[in-house]
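Heads up: the structure comes next, in structure tokens.
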Amino acid sequence: MSLLTGLRTEEVRALRWDHVVAWVAGQWEPVSEAGFDHEQLAVLVWRADRAGGDTKTPRSRRTLALPRRCVEALREHRVRQAQDRLAAGPLWQDHGLVFASAVGRPQDDHNVRRQFRVITEAAGLGTSWVPRELRHTFVSLLSAHGVPVEAIALLAGHNQTATTELVYRHQIVPALTRGAEVMDQIFG
């Protein structure tokens, strides 16, 4: 979710199934009622795992369309979560969370970081990565593909484009080449 949508880890941890929605007959309906087989799906980013449960800033409250790969991953995750619910039996605590523990409880930031380290190590990336780097990668990928910084700031829920530019956007290409190209043209 963070890589494909730019959600903050605290927003992902607070995401509820009733905030994963499909556009049906001119309105958003939760996928728990509408299902996943619709042209457009989105997440309503209205909550975060912060004091008071609100998002980081008022601008952070946003509705984000979901890329197809994210929709497929969520569809598969919902099936796995149903299996977890059955396996947990009476221990299951239904909080309606998309990313809950194996018994339905909310996950804290320590659990998420520990699980993320397991994934990055298994992928051969080591254990020094942290989940927020997925958000940085989201911003950097959009920037590298020509999305204006103003649009990226809206998607990321930033109050100012300066945050997007100075903190989150990292250059992906190995070197700036425009200067060298122009000099080669001038001096042949």
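Taking θ as phi - 60° and the Karplus parameters 6.51, -1.76 and 1.60, the scalar couplings of the range 39-45 work out to 4, 10, 10, 8, 10, 8, 8 Hz in sequence order, x denoting glycine and proline. Between amide H atoms placed 1.01 Å from N, distances below 5 Å from Val45 occur with Arg62, Thr63, Leu64, all of them 5 or more places distant or on a separate chain. Look at the Cα gyration tensor of the range 103-188: its axes a ≥ b ≥ c give a/c of at least 1.5 with a/b at or below b/c, and that counts as oblate. Based on the Cβ-Cβ distance of Glu29 and Glu121, what FRET efficiency does E = 1/(1 + (r/R0)^6) give at R0 = 41 Å, to the nearest 0.05? The pair Glu29/Glu121 has a calculated efficiency of 0.55.
The share of accessible area on the range 56-114 that comes from carbon and sulfur is 53 percent, using a 1.4 angstrom probe.
The length gained on full extension between Phe36 and Thr163, counted as 0.36 nm times the residue separation minus their Cα-Cα distance, comes to 42.3 nm.
Subtracting the Cα-Cα distance of Ala51 and Glu76 from their residue separation scaled by 0.36 nm leaves 5.9 nm. Averaged per residue, the chain has 61 square angstrom of accessible surface, using a 1.4 angstrom probe with ligands and nucleic acids left out. Over the C-alpha atoms of the chain, the Rg to Rh ratio, Rh being the Kirkwood estimate, stands at 1.05.
The 3J(HN,Hα) values that the Karplus relation (6.51, -1.76, 1.60; θ = phi - 60°) gives for the range 65-71 are, in residue order, 5, 9, x, 4, 4, 5, 4 Hz. Gly and Pro appear as x. Length available on full extension from Met183 to Arg85: 0.36 nm per residue minus the Cα-Cα distance, which gives 29.0 nm.
The values are calculated or read from the model by the stated rules, or taken from the named source; none is laboratory data. None of these values were measured; they are calculated from a predicted model. Cβ sites come from the backbone with ideal geometry, for glycine too, and all protein chains shown count toward neighbours. For accessibility, only protein heavy atoms count, side chains too; no ligands or nucleic acids. Shrake-Rupley method; radii C 1.70, N 1.55, O 1.52, S 1.80 Å.
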